[in-house]
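Step one of this worksheet: look at the structure below.
The values are calculated or read from the model by the stated rules, or taken from the named source; none is laboratory data. Note that the structure is a prediction, hence the values are computed from the model and not measured. So basically every Cβ, Gly included, is an ideal-geometry build from the backbone, and we count neighbours across all protein chains shown. Keep in mind that these areas ignore ligands, DNA and RNA; they rest on the heavy atoms of the full protein, side chains included. Shrake-Rupley method; radii C 1.70, N 1.55, O 1.52, S 1.80 Å.
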Amino acid sequence: MPTPSMAKPSTPKPSVSKPPLPKPRGRHFFANPGPTNIPDSVLRAMDRGSIDFNDPEFVEVYDAAFAGVKRVLRTDQHLFMYNASGHGAWEASLTNLLSPGNTILVLESGYFSEEWANMARGHGLEVRVIEADWRRGVDIADLRRALAADTAHVIKAICVVHNETATGMMLPLPAIRDAMDATGHPALFLVDTISSLGSLEFRMDDWKIDCVVGGSQKGLMLPTGMSFTGVSDKAMEAHAHATLHRFYFDWTMMANRAQKSFIGTVPVNIFYGLRESIRLLDEEGLDNVVARHARLAEATRRAVQVWAGNNGPQLFCVTPDRVSNSVTAILMPEGFSADGLRKTIRERFNVSLGGGLGKLSGKIFRIGHLGDLNEPMLLGALAAVEMGMRIEGIPHGRGGVEAAMAFLAGD
Ligand code: PLP
């Protein structure tokens, strides 16, 4: 005799599939920390036919854009540009400056510092890491101790992500430079400015940075696909003796080309866009650009501080003077998925937010507030988050958007 349970299999419930939500209308609100919104005038500037990159008309555009990037980096030294996303510029920085077996020191800040370190290991470099809690970032005293202990000057380069896009944390570059100077350490100072350039204060020459890694798709408000490195005279000397394998990103070959960059075809349309984005930055003034980012970031944090009530989502970065002014990372309460919230917000309100990367996947979401952005655009994204939390039943303090508005209105 079959057992009762075998005799009477449970009848599967008819699946009640929810009708798909209608595709949301209206403009797609893009609140990712990169790529970022592309201004209409930049899109219009790129919307043109091809042109020979040696044509005098294009050379004028190229020269203006090239000089503009140096202005934004605040450098009078060297610049090399690549047909590649930021990873290409990372690779260029390592392979042009270092030799197999060299030791570098990476300051841990989050997913992107880890990935730069992994790339260095892949190139046969010895990587030392100043470890840090991702919510706080490194203790500068630990860096100072590591540099002071390296009396043989084994460390050839120090790699720092200025603004860790994955954790919403900004590291103090002047304090890091001071630690290097105070210990008299001659290492090269390599800085990733991918999500800080054109949005946070950045001074390559004043802060004695030897190699800056930048990309097109964040503060420069362009599509992804072009990256660059600002390079100091000291770094050019180191380059002359560096023997890691390189070809497509080789600075010596680039320096011998008319454009002082690019092995291969120059991405002409991007340059029309770049000239326009530099014009927009110049028109606003870099100091005003930095102030606008600080204002929008503070409004975002005011909202999050209210949401944190009632055991709601809270700021991921807990070091007040390191919170990023270009991206805010928000930690979900235990048991609630950041990705579920992002999905609801995208499907219901056509708003795109950044997710958690690496070990933070599903645990945090990120609001990008960099590039071409103003108050109503930010408030739209914050309102969508607040509505999303209501729909998803996520505990939070009510009135975050109100707090952001009060701050922006100067109440
Ligand atoms: N570094 C930082 C700080 C970033 O935010 C990113 C990308 O978001 C990268 C490096 C990698 O750049 P890409 O994705 O353009 O290769």
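Here are the numbers for the structure shown:
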read-out: Enumeration of residues in the stretch 214-228 that are touching a residue at least 60 places away in the same chain (Cβ under 8 Å), within 11 Å of the chain's Cα centre (by Cα) and within 9 Å of the ligand (Cβ to nearest atom); value: G215, Q217, K218
read-out: Qualifying positions in the stretch 200-211 - away from the ligand (no atom under 12 Å from the Cβ) and either more than 14 Å from S232 (Cα to Cα) or modelled with pLDDT under 95 (or both); value: E201, F202
read-out: Residue within the stretch 91-98 that is open to solvent by 10 Å² or more (accessible area, probe 1.4 Å) and part of a strand (DSSP E or B) present; value: no
read-out: Criterion: among the aromatic types (F, W, Y) and within 16 Å of the ligand (Cβ to nearest atom) - qualifying residue of F112, F58, F66; value: F112
read-out: Residue list for the stretch 166-196, filter: in a loop (DSSP other than H, G, I, E, B), open to solvent by 10 Å² or more (accessible area, probe 1.4 Å) and within 12 Å of the ligand (Cβ to nearest atom); value: I194
read-out: Residue list for the stretch 104-125, filter: outside any loop (DSSP other than H, G, I, E, B) and of a type outside the set (A, V, I, L, M, F, W, C); value: Y111, S113, E114, E115, N118, R121, G122
read-out: Selection count, the stretch 104-124, where residues are open to solvent by 10 Å² or more (accessible area, probe 1.4 Å), touching a residue at least 40 places away in the same chain (Cβ under 8 Å) and at negative phi; value: 4
read-out: Residue list for the stretch 125-142, restricted to those being surrounded by 20 or more Cβ atoms within 10 Å (Cβ to Cβ) and away from the ligand (no atom under 16 Å from the Cβ); value: L125, I130
read-out: For S361: the one exception among (1) touching a residue at least 24 places away in the same chain (Cβ under 8 Å); (2) within 16 Å of T165 (Cβ to Cβ); (3) in contact with a strand residue (DSSP E or B) (Cβ under 8 Å, 6 or more places away or on another chain); value: (1)
read-out: Only one of S17, S85 that is hydroxyl-bearing (S, T, Y), out of contact with any Asp or Glu (no Cβ under 6 Å at 6 or more places or on another chain) and not assigned by TED's automatic domain parsing to the domain that holds K218; value: S17
read-out: Evaluation of P333 against (1) closer than 24 Å to D133 by Cα; (2) modelled with pLDDT under 95; (3) not hydrophobic (A, V, I, L, M, F, W, C) (one fails), failing number; value: (2)
read-out: Test: residue in the stretch 217-232 that is among the aliphatic types (A, V, I, L, M) and closer than 14 Å to E164 by Cα; value: no
read-out: Lone unmet requirement of (1) in a helix (DSSP H, G or I); (2) away from the ligand (no atom under 16 Å from the Cβ) for G101; value: (1)
read-out: Residue within the stretch 139-147 that is more than 19 Å from the chain's Cα centre (by Cα), in a loop (DSSP other than H, G, I, E, B) and within 18 Å of A175 (Cβ to Cβ) present; value: yes
